[in-house]
Amino acid sequence: MADTILKNGTLVTSEERHRADVVIRDGQIAAIELNATDGADEIVDLDGLYVLPGLIHPHCHFRDPGLTHKEDFYTGQRAAAAGGYTFTIDQTNTRPAPTNLENWNAKRERAEKLCILDHNHYAAARYPEHIAELAETGAIGFKIFNTRHPTDTYPYDNELAVTDRGLLFELYERIAETDLPVSVHHDQSDWVKRMAEREYIDPGTTTASDLHEAYDRGILYGHGMVMGLAASLYLARLTGVELYVLHAGMMKEYDYELIRHAREQGQTVHAELELLPFMIDEERRAEHGPYAVVSGKDPERAAELIREGWATTMVNEHAPHTPEELEPGWEDAWNIPLALMGAQEHLPHVLTWVNEGRFELEDIVRLEAENPARIFGLYPRKGSLQVGTDADFTVVDMDRQREFTESMVESKSGWTLFDGETFTGWPVRTMVRGETVMVDGEIVAEKGSGKFVPREDCSARGAV
Ligand SMILES: [Zn+2]
């Protein structure tokens, strides 16, 4: 007797799609077969719908602990769950930050009480002497902020800033010994600060539209990120560390050449494609000002990077701040945090792109399930549709047309750039270990039902 059978859905892997029933027992996939005949406590008819492996959000800033006026594990995961995700990976700029074993364990314990999705967290690489102990925790990898904000504004915590390349090198040396990947926000902060002061801050050109211009010119989140990446690729080559490049696609396009070159030399370099800049056009940016700084990129270019395999993973980073924190940015834009929102809107947006023919559902599975699961040591337990693995699914309806509205926002920060936008293609159900978490946008899971899933031995994960 099965617990649940998913009937008549079309299963999608990174390679292909086929119709089959999924038999779930004890939280795992017990069988995948045509016309399953076992009895079950629950039969869910998914005729006309697509069943993807549960999607992984690899770039969440849930602000927990320490900055929970912006978000916390529960509200942030509600947003991710409504957006069709079944697993999240949290970033490190919390207070305290998980730079040592004690802080990391406290964060893990807190998350387990609040989460509704399975999850893991980055460990913060800041102190070489703590790298080995953090690697033993089961953390999926290390995060480094190779950056400081030009006016030292959060979310760039100065404690976490690794702008000294000697320290960066030493951290890479230690991390390489652990076989974990290191994810890096690259930058060349001295250059950014000097240019920002010369061109904008000193002359007093500080409105939101000035900041937009600074982004377009590559002064903020642009050339500095590429400079940082260039140096980091070399340090990674010297040390052999596995490098995961954050904010790919958001910085100036030369990241494409650098990463391709490094791969041609045999380096393992992953590129996390940040999609928000490709989703915000000039009109939307002008309307949302300080809420929509990184923007104006051609969505067809993102689609190319996805189709050709340059992008290893893709995401709308979840980096919320409150309207109270962002509103002053209409006039004083150099002293507000950078907000990037879209855990909830991401999947409807990319499903709409699939319907427009930009790429395929198989690409979504590759970049949002299989690849992140492999890189972060979760595969095949997560990110696959294999018998004997966790019964995590993201079920999507490619025909559903629905307007996204601000009233649907689950994030504590409470705003969206996409109020009134109609998307075609929606996640309609998610399951984690066989239990339904979200159905038709409604969250039905209980606080604390999400489990910490440790990184496993990397040997079985396979190449990305
Ligand atoms: Zn981030």
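The values are calculated or read from the model by the stated rules, or taken from the named source; none is laboratory data. These numbers come from a predicted model, not from an experiment. Note that we place each Cβ from the backbone using ideal geometry, even for glycine, and neighbour counts take in every protein chain shown.
Some observations on this one:
- So His247, is it within 16 Å of the ligand (Cβ to nearest atom), crowded, with 16+ Cβ neighbours inside 10 Å and over 16 Å from Tyr221 (Cβ atoms): no
- Among (1) more than 16 Å from the ligand (Cβ to nearest atom); (2) surrounded by fewer than 24 Cβ atoms within 10 Å (Cβ to Cβ) - the single one Leu273 does not satisfy: (1)
- Test: residue in the stretch 251-272 that is farther than 25 Å from Cys60 by Cα and of a type in the set (Lys, Arg): yes
Results for (1) among the aromatic types (Phe, Trp, Tyr); (2) without any contact (Cβ under 8 Å) to a residue 60 or more places away in the chain; (3) in contact with a Phe, Trp or Tyr (Cβ under 9 Å, 6 or more places away or on another chain), shown as yes or no for each residue.
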residue	(1), (2), (3)
Ala125	no, yes, yes
Glu129	no, yes, no
Thr137	no, no, yes
Ile140	no, no, yes
Asn146	no, no, no
Leu167	no, yes, no
Ala176	no, no, no
Ile201	no, no, yes
Thr207	no, no, yes
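- Here Gly450, Gly434 are screened, and the one residue that is within 22 Å of the chain's Cα centre (by Cα), crowded, with 18+ Cβ neighbours inside 10 Å, under 26 Å from Leu11 (Cα atoms) and at pLDDT 95 or above is Gly450.
- Pro299 out of contact with any helix residue (DSSP H, G or I) (no Cβ under 7 Å at 6 or more places or on another chain) and at negative phi: no
- Condition met for Asp152 (more than 16 Å from the ligand (Cβ to nearest atom) and either among the charged types (D, E, K, R) or at pLDDT below 95 (or both)): yes
- Of the helices (runs of 4 or more DSSP H) lying entirely inside the stretch 212-297, those containing at least 3 residues that are touching a residue at least 40 places away in the same chain (Cβ under 8 Å) and not charged (D, E, K, R) span 223-239.
- Residue check, Leu361 crowded, with 23+ Cβ neighbours inside 10 Å, among the hydrophobic types (A, V, I, L, M, F, W, C) and over 20 Å from Met225 (Cα atoms): no
- Ala36 fulfils the conditions (1) modelled with pLDDT under 95; (2) within 16 Å of Val396 (Cβ to Cβ) except for a single criterion, (2).
- Matching residues, the stretch 298-318, being of a type in the set (Asp, Glu) and either in contact with a Ser or Thr (Cβ under 9 Å, 6 or more places away or on another chain) or in a loop (DSSP other than H, G, I, E, B) (or both): Asp298, Glu308, Glu317
- Hey, Arg110 more than 29 Å from Leu52 (Cα to Cα) and either crowded, with 24+ Cβ neighbours inside 10 Å or within 16 Å of the ligand (Cβ to nearest atom) (or both) or not: no
Conditions tested, residue by residue: (1) modelled with pLDDT of 95 or more; (2) assigned to a helix (DSSP H, G or I); (3) within 16 Å of the ligand (Cβ to nearest atom).
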| residue | (1), (2), (3) |
| --- | --- |
| Ile32 | yes, no, no |
| Glu42 | yes, no, no |
| Gly48 | yes, no, no |
| Val51 | yes, no, no |
| Ile56 | yes, no, yes |
| Arg63 | yes, no, yes |
| Leu67 | yes, no, yes |
| Gln77 | yes, yes, no |
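- So Pro454, is it touching a Pro at 6+ places or on another chain (Cβ under 7 Å), in contact (Cβ under 8 Å) with a residue 12 or more places away in the chain and not charged (D, E, K, R): no
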